[in-house]
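Peer 1: First the structure, which I've put down as structure tokens, then a few questions once you've had a look.
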């Protein structure tokens, strides 16, 4: 009987250890199951948030077009709408102001649809600057019809190539050309030229409109937010910065405005582009 009695404490300890281990295993299992449920819930919430953000972005893009198209139409019809009025110039200015407000709303909506954080992710490729510019002019001109501007594009642009993100470059040009349309009138000329050098390529868009009247101080490169100036170029500037470039504006009242886009040398003189 002595050996059996001696073995009882050992069996008792083993049973206690087994029960304790089983309890810990069950506790860990329950904890893992709870964590899995939480992870599954968080994943579902994340996917729902992504879907909601994508739907909101689509709506913002549609709203941007809905505001921009009638605004450009107002600008194109301003002279015709004011014919026969007591003071055509005053009524024309009022219509232009309304169009400016609509374009400002469109700019703000587009800024939210294309947040600045995305501009840092660029898919660069070899682009023919003349072709991208022609597409942008066609888009702005189509929205402006039956109004028109005379686009005087330098023939030097046909052979110029850039290493840039196609969508970003298109957005830059659309913003800059729309700005030129806003500051000019029916049948005005808009000149587009470029200057190439060792430090890169500079694209110049100059209109012969009324200029940016009443801007004091003038638009500066270091301003954190330039939408208050009514230029509608905040996104274009952010996209230029993402390319390592700059966007500058010069304006003279009743003479016109000039927007300068400078792309650094690595975007204009990449060896791959020269070979292309």
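Peer 1: So for region 209-220 (the condition being in a helix (DSSP H, G or I) and either modelled with pLDDT under 55 or under 17 Å from the mean Cα position of the chain (by Cα) (or both)), does at least one residue qualify?
Peer 2: no
Peer 1: Quick one: count up the residues across region 111-124 that are surrounded by 13 or more Cβ atoms within 10 Å (Cβ to Cβ) and modelled with pLDDT of 70 or more.
Peer 2: The qualifying residues number 2.
Peer 1: Could you figure out which of (1) within 20 Å of residue 167 (Cβ to Cβ); (2) modelled with pLDDT of 80 or more; (3) buried (at least 16 other Cβ atoms within 10 Å of the Cβ) isn't true of residue 244?
Peer 2: Of the numbered conditions (1) within 20 Å of residue 167 (Cβ to Cβ); (2) modelled with pLDDT of 80 or more; (3) buried (at least 16 other Cβ atoms within 10 Å of the Cβ), the odd one out for residue 244 is (3).
Peer 1: Output the residues belonging to region 128-166 that are over 12 Å from residue 194 (Cβ atoms), without any contact (Cβ under 8 Å) to a residue 40 or more places away in the chain and not in a strand (DSSP E or B).
Peer 2: 131, 134, 135, 138, 139, 141, 142
Peer 1: I've got another one for you. Against the definition (in contact with a helix residue (DSSP H, G or I) (Cβ under 9 Å, 6 or more places away or on another chain) and modelled with pLDDT of 60 or more), how does residue 199 come out, yes or no?
Peer 2: In short, yes.
The values are calculated or read from the model by the stated rules, or taken from the named source; none is laboratory data. This one's a predicted model, so the numbers in the text were calculated from it and none came from an experiment. Every residue, glycine as well, gets a Cβ built from its backbone with ideal geometry; the counts of neighbours run over all protein chains shown.
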